[in-house]
1. Can you tell me which residue within region B:58-107, out of those that are hydroxyl-bearing (Ser, Thr, Tyr) and under 18 Å from residue B:44 (Cβ atoms), is modelled with the lowest pLDDT?
2. Could you pull out the residue among B:71, B:95 that is out of contact with any His (no Cβ under 9 Å at 6 or more places or on another chain), farther than 28 Å from residue A:108 by Cα and charged (D, E, K, R)?
3. Among the listed residues B:93, B:13, which satisfies the condition of being away from every other protein chain (no Cβ under 14 Å) and either buried (at least 19 other Cβ atoms within 10 Å of the Cβ) or more than 16 Å from the chain's Cα centre (by Cα) (or both)?
4. Somewhere in region A:84-104, is a residue more than 14 Å from chain B (Cβ to nearest Cβ) and under 17 Å from residue A:26 (Cα atoms)?
5. Condition (residue is among the hydrophobic types (A, V, I, L, M, F, W, C) and in contact with a helix residue (DSSP H, G or I) (Cβ under 9 Å, 6 or more places away or on another chain)) applied to region B:50-62: is it met by at least one residue?
6. Among the residues of region B:52-73, what is the count of those that are away from every other protein chain (no Cβ under 14 Å), in a helix (DSSP H, G or I) and not acidic (Asp, Glu)?
7. Filter region A:74-98 down to the residues that are over 27 Å from residue B:110 (Cβ atoms) and either aliphatic (A, V, I, L, M) or in contact with a Ser or Thr (Cβ under 9 Å, 6 or more places away or on another chain) (or both) and list them by number.
8. As an exercise: evaluate residue B:49 against (1) outside any strand (DSSP E or B); (2) at pLDDT below 95; (3) touching a Gly at 6+ places or on another chain (Cβ under 7 Å); (4) not aliphatic (A, V, I, L, M) and give the number of the one condition it does not meet.
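The values are calculated or read from the model by the stated rules, or taken from the named source; none is laboratory data. Everything numeric here is computed off the predicted structure, so don't read it as measured data. Every residue, glycine as well, gets a Cβ built from its backbone with ideal geometry; the counts of neighbours run over all protein chains shown.
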Amino acid sequence: NAGVTQTPKFQVLKTGQSMTLQCAQDMNHEYMSWYRQDPGMGLRLIHYSVGAGITDQGEVPNGYNVSRSTTEDFPLRLLSAAPSQTSVYFCASGGTGGAYGYTFGSGTRLTVV
Amino acid sequence: AQSVTQLGSHVSVSEGALVLLRCNYSSSVPPYLFWYVQYPNQGLQLLLKYTTGATLVKGINGFEAEFKKSETSFHLTKPSAHMSDAAEYFCAVSEGSNDYKLSFGAGTTVTVRA
């Protein structure tokens, strides 16, 4: 089925560990982004990309790294996990100009202990 | 920069009653406006959007929203609530075709009473 695929769905990390959250889309969308969702705060933009080789920071980029080597994939790397990064992470993709709305993945629930 | 305010973090309605979720935004340019719904343990699904043209937009599941520029609002309504409407709803804004980035409100959780 076409859409945005995120892996893993659940992850528990120890403080200081690193990991990569995977995101792939098969809709040939230019735009991809990562959000984190915390209770009472809605979704906050971490990083985004407007095409292969182009990335930029969002509202809450500290502690996260991204790259976009292909149109399809947009992995999010946690460099040294901290308890404050416990959250639900969503990847989204969208077509030209943002007028069509965005397609969201099903999320990754991350717990840092 | 744009921002979104959703009035009321929780709304409880009776089955068959009107659902009204309020959203106000700020944007320095003509905005694109969106409503998303999130069911428990799922991702976000687009309900409806306003980009240009008709200010009353209809979406899925009987929802609609009206863009009121003078009030900087984009309230979501459904005439008759169904039990399946119980979910969290998010209003979001982007700065039109110049900006891909979405800013989200804090969300409103809807509970439907039988």
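1. Result: B:100.
2. After applying the criteria, what remains is B:71.
3. Only one candidate qualifies: B:13.
4. no
5. No, every residue in region B:50-62 fails to be among the hydrophobic types (A, V, I, L, M, F, W, C) and in contact with a helix residue (DSSP H, G or I) (Cβ under 9 Å, 6 or more places away or on another chain).
6. Summing the residues that are away from every other protein chain (no Cβ under 14 Å), in a helix (DSSP H, G or I) and not acidic (Asp, Glu) in region B:52-73 gives 4.
7. Residues satisfying the conditions are A:74, A:75, A:76, A:77, A:78, A:79, A:80, A:81, A:82, A:83, A:96, A:97.
8. (1)
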